[in-house]
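What follows is one structure encoded as structure tokens, with my remarks underneath.
What follows is calculated from the coordinates using simple rules that are stated; it is not laboratory data. Here the structure is a predicted model, which means the values were calculated and not measured. Neighbour counts are summed over all protein chains in view; Cβ atoms, including those assigned to glycine, are modelled from backbone coordinates with ideal geometry.
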Amino acid sequence: MNIKLLSRILIVLMTLGVTINADAQRRKKKNKKKEAKTVAPPKKRPKKGGIQPYAKVVTKKHKTDEGLFKVHEKDQAYLFEIPDSLLGKEMLMVTRIAKTASGIGFGGGKQNTQVLRWEKKHKKILLRVVSHSVVADSILPVHEAVVNSNFEPILFSFPIKAFSKDSTATVIDATPLFATDVKALGFPQSRRRQFKITRMDKTRSFVDRVSSYPKNIEVRHVKTYFSSQPPSNGSVGSISLELSNSMILLPEKPMKRRYFDRRVGWFARSQTDYGLEAQKSKSVRYLDRWRLEVKDEDIEKFKRGELVEPKKPIVYYIDRATPEKWRKYIKQGIEDWQVAFEAAGFKNAIIAKDPPSKEEDPDWSPEDVRYSVVRYLASPIPNANGPHVSDPRSGEILESDINWYHNVMTLLHNWYFIQTAAINPEARSNQFKDEIMGRLIRFVSAHEVGHTIGLPHNMGSSTAYPVDSLRSATFTKKYGTAPSIMDYARFNYVAQPEDKGVALMPNIGIYDKYSIKWGYRPILDKTAEEEKPVLDQWILEHAGDPMYRFGRQQFGVIDPSSQTEDIGNDAMKASMYGIANLKRIRPNLINWTAEDGQDYSELGTMYGQLLGQYNRYMGHVSANIGGVYENYKSYDQKGAVYTHVSKDHQKKAMKFLQDQLFKTPTWLIDEEIFNKIENSGSVERLRGTQVRTLNNVLDFGRLARMIENETLNGTAAYSAIDMLGDLRRGIWSELNSGRKIDTYRRNLQRAHIERLQFLMEKEQRPVPARFRRFFGGTRVDVSQSDIRAIVRADLKILRRSVKAAIGRTSNRLSRYHLQDAVERINEILDPK
């Protein structure tokens, strides 16, 4: 090849390479510029207040409490990290008073209960209030109408702060829910009106702590409210209390219900069910009870009638704060119910335990919903109570904490002393032996546990026994003083000193075993609806037997066979025995309350207790006048549900009051006691005792029932006219003889005129319909009834009798009194 030609080719190739290389470099630079232009810009910072990265919201400075939710706390701010799996799940929120001041409820007192549901909506978490009061099965067409008519209100709205790292949970700031005045979680509106609360003071309100447990969240927050009428510490013009909110996850599968029957006493809840085969909306009620179920492997044993252990027993722990010497007695009271659950087919169904020590389980807490605890509270409240928390969908009791106040021992001492000291040397002192107080504690423990397993008071139980049977050692040792420990049949005040070996208090009785069987015994392979005939048959097996009768608690007694604090089937006979014992106690009060170096305050307390017991006897008797018995029945049972007390029994009650109360009970007057406890007041005290019962007898509702009884039953009834006449002749018995009228009788006679004036001039205090079932009472339009016509006639008869008696009395003060009585009656009958 020509050398010149080769040189030229090499030059061209070199030039071309340089050009290509230059072009490549230019393209590379150009691409780099292009790439630089297309690189993603830096991420925008989240807007202030918007959803943030998890690590920025939940920092290393937060303290995290693992449980139902993760709760992150920093500087008294609380973040909830709610798993998506819990959104839409129903939770029960129970609001209670945790700590309080004098006059503002009591520690443990429930203020509100509601079902809540967490829901994610857009960039917020909503907390909705769920109602189970109106329902219909979701497969029915009417379900849509029910849902549309029960839109769930939003209690609170939370902006979402962040999502968890794996995006399976949502973080919100829950602090405002408890730090602000959310009334549904705070002090209820009725109590605010009572104390004239205007608003919450944010500067004196705060969240104290939030604790998370596997099935519940516990919140403690202090609320201070401006109040113009605080019950204590009035100078601060406000009320402060600590509230607790327990948010409890409801069971995934509701327990099978057991439907309520008013013939058996039971705590129950109700729903209006639009899905039933009825031509109206129908309310259904079902029991509050623990979930006691037979283990699968024991079903055949159970069917054969053998006792079996439940899948999960009821367990109560004794608070670590409980004094050591009282623990065993509280445990015994709990496990006394074993015999009742055996009637339901279970053994070891209810167990008492000591809690683990802090070393054994540092995380154990009485606030954990998995544990039911007898809480020992250092409080001056002389009481104990047994509330429980239950699933509104099924009635399943989820947990219960019995509040045991230290001063319940004062209450027990006073009852036991006054009701048994006449026959019981162990009760004759200011301080009982530990074993005596322990037995009393066991009694109250068993009563309160009864409430926590579903049983209300059965005030109709104590009238099942004949009065004289309560004087029998053989009878009372077998049956106790009442068929149910759920009655207020405290101690045996009927027994007399000669009744050796007689039992003094009730135990778990025949009715208790029956009611636990009725509520808890599993009926296998049947739905709640299919159980009803079986349950009805269990009731009918004992129909008419007073030992199996339930009598509701009354706040305004109409049924005299269902009263508090009474025992025996005849109030007059039982009260006569009781008064005989009080007459034995009164002369010994000074000796039995004496303590060297102490003042007479205990003597004053126990004399007041004696007078209070005497007043109870008068109340038990007076309730028979115008009384109406209530015995629940179903359509397949014969006889009346409501029956007026017989005429003879009512007249017997009136005679008792005349003999034991309106004739001055001079045995209550003891100068040796009075000169040690007061400088004056004995006359006024006795006046008040008589007037209390007098006003109770001359009651609008009682007179209305007597008028109705006469209308229905004619001469078989104890008429209002006859009752007023008997009362007048007894209270004014001095008029016919012209004898001196003493101070006590003058006071009583003036009180009689004033009460008749009340009946002439006042109206019946209305009882709201929603309270009538609980507070009793008989509604009457006084102005349009016969009451004032009858009272007016009685006043005219009294005026004539008083005028005629003025000339017969030689005592000047008695004459002045009678002249004054005429003037008082004139002013009533002919007001100026």
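Tabulated results
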read-out: FRET efficiency for Lys295 and Val339, using Cβ-Cβ distance with R0 set to 25 Å, rounded to 0.05; value: 0.70
read-out: More than 16 angstrom apart: percent of Cα pairs within segment 689-742; value: 53
read-out: Where the Cα pairs of the chain fall when distances are cut into 20 Å bins, in %; value: 12, 36, 32, 12, 4, 3, 2, 1, 0
read-out: Sequence ranges 290-297, 560-567, 624-631, 352-359, ranked by mean other-Cβ count within 10 angstrom, highest first; value: 560-567, 624-631, 290-297, 352-359
read-out: Projected-area mean, segment 289-411, by convex hull of Cα positions, square nanometres; value: 9.4
read-out: Placed amide H near His457: partners under 5 Å, 5+ positions off or other chain; value: none
read-out: P(r) weight above 24 Å for segment 54-250, C-alpha pairs, percent; value: 46
read-out: DSSP H segments from the chain that extend 24 Å or more along their own axis, Cα-based, with Kyte-Doolittle mean of -1.0 or above; value: 3-38, 434-452, 601-622, 743-761, 787-806, 812-829
read-out: Whole-number percent relative contact order across segment 358-516, with pairs defined as alpha carbons under 8 Å at least 6 apart; value: 18
read-out: At q = 0.09, 0.10 Å⁻¹, base-10 log of I(q)/I(0) for segment 657-832 (Debye sum, equal scatterers on each alpha carbon); value: -0.38, -0.46
read-out: Segment 607-694: mean projected area of Cα convex hull, nm²; value: 7.1
read-out: Span from the segment 353-420 Cα centroid across to the segment 217-244 one, whole angstrom; value: 24
read-out: Per-peptide average of other Cβ atoms within 10 Å, ordering 257-269, 814-826, 55-67 highest first; value: 257-269, 814-826, 55-67
read-out: Separation between Cα centres of segment 519-539 and segment 604-680, rounded to whole Å; value: 41
read-out: Mean Cβ neighbour count within 10 Å, used as a protection proxy, ranking 675-684, 444-453, 190-199 highest first; value: 444-453, 190-199, 675-684
read-out: Entries of Lys253/Lys328; Lys253/Lys301; Lys70/Lys358; Lys500/Lys647 with Cα pairs more than 31 Å apart; value: Lys253/Lys328; Lys500/Lys647
read-out: Percentage, to the nearest whole number, of Cα pairs in segment 561-717 over 19 Å apart; value: 61
read-out: Cα centroid of segment 804-822 to Cα centroid of segment 713-730, whole Å; value: 27
read-out: Cα gyration tensor shape for segment 333-397, rounded if a/c is under 1.5, else prolate or oblate; value: rounded
read-out: Gained length - Lys532 relative to Thr643, 0.36 nm times residue gap less alpha-carbon distance; value: 37.2 nm
